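*Asks:* Provided herewith is a single structure, encoded as structure tokens, for subsequent inquiry.
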Amino acid sequence: MGNLLEINKVNTMAGGGTRYFSIAFAEFLFMFLILFVIHSTSQSPQGPFALFAVFLISVFVTANISGGQLNSAVSLLCWLNTRGVKENGGAVFLISAISQILGGTLGVLSAHWLDLPITNLLPFPKTTVGVAIFVEALFTFLLCIIVSHLTDPANPPKNTIIPSLLVPAVIFSQAIAIGRLTGGLINPSIALATVFANAILSGTEHFHNVWIYLVGAFLGAILAHFVYTYFLKSVFAPATRHKELEEEPEPVAAPAAAQ
């Protein structure tokens, strides 16, 4: 997973339009792939392994383009973590989230077009609303703590291989651990893409459960931001390094050559 501040610097010098298009295209394309794989393998016992593989590929490829977010809860986390340091973080969050949902919706519709089974959201047998919110928030929290550490500019990873493995590993573990309880989404973009696609195909009756996934995942992301910022950041990297990064000026694009 790429360093979001460094990605922002490169994209700022490249131009705002190019920056936003690159982020939107990467998030759209790979969320299309992720949702297609999720729904095409939903009835297979090898589903979690397919999920691990598609996230491994997607995070690795998009890490230095969009930060490998592929999850609107992670996009929210990245915005919160870089407030005051990264310019236009709110715009990047909205662009990423919308692109994820649109790409995911198209992925679900494509799976349906090929006569593959399309899954719904809750209810799952013996899963209460409280349990669903708790497990979604818990695993989103775990994912976002890892993402916060991997994208911390004061302690950047040496390469993208390990981050590209850690995030899919969390996705794989939660798919097995809580898949039978909630489907193991921990991703509001996947939830929204699924209900939007189902609404297009069969009506709006699926919307009454989607709020559970939104509340659980966004709650986990917000808690992860505060826990990492106020309790864990100083453990992983010296406070002086964070101060230096906050004071570092933003790059300025080189002026065009004089005619």
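The values are calculated or read from the model by the stated rules, or taken from the named source; none is laboratory data. It should be emphasised that the depicted structure is a prediction, and the values quoted were computed from it without experimental measurement. Backbone-built Cβ (ideal geometry, glycine too); neighbour counts: all protein chains shown. Just the protein is used for accessible areas: all its heavy atoms, side chains included, with ligands, DNA and RNA removed. Shrake-Rupley method; radii C 1.70, N 1.55, O 1.52, S 1.80 Å.
*Asks:* Scan I186, I178, I190 and give me the residue that is in contact (Cβ under 8 Å) with a residue 40 or more places away in the chain and more than 18 Å from the chain's Cα centre (by Cα). Reasoning before the result, please.
*Replies:* Details: I186 fails: more than 18 Å from the chain's Cα centre (by Cα); I190 fails: more than 18 Å from the chain's Cα centre (by Cα).
Only one candidate passes the filter, namely I178.
*Asks:* Restricted to segment 3-34, and to residues that are open to solvent by less than 40 Å² (accessible area, probe 1.4 Å), over 19 Å from H112 (Cβ atoms) and among the β-branched types (V, I, T), which residue is modelled with the highest pLDDT?
*Replies:* Looking at residues that are open to solvent by less than 40 Å² (accessible area, probe 1.4 Å), over 19 Å from H112 (Cβ atoms) and among the β-branched types (V, I, T), I get I23.
*Asks:* Of the conditions (1) touching a Gly at 6+ places or on another chain (Cβ under 9 Å); (2) open to solvent by 50 Å² or more (accessible area, probe 1.4 Å), V37 fails just one. Which one is it?
*Replies:* All conditions pass for V37, except number (2).
*Asks:* When you look at T119, is it at negative phi and touching a Ser or Thr at 6+ places or on another chain (Cβ under 6 Å), yes or no? Even if it seems obvious, please write down each step before you answer.
*Replies:* Details: at negative phi: yes; touching a Ser or Thr at 6+ places or on another chain (Cβ under 6 Å): yes.
Taking the combined requirement at face value, the residue satisfies it.
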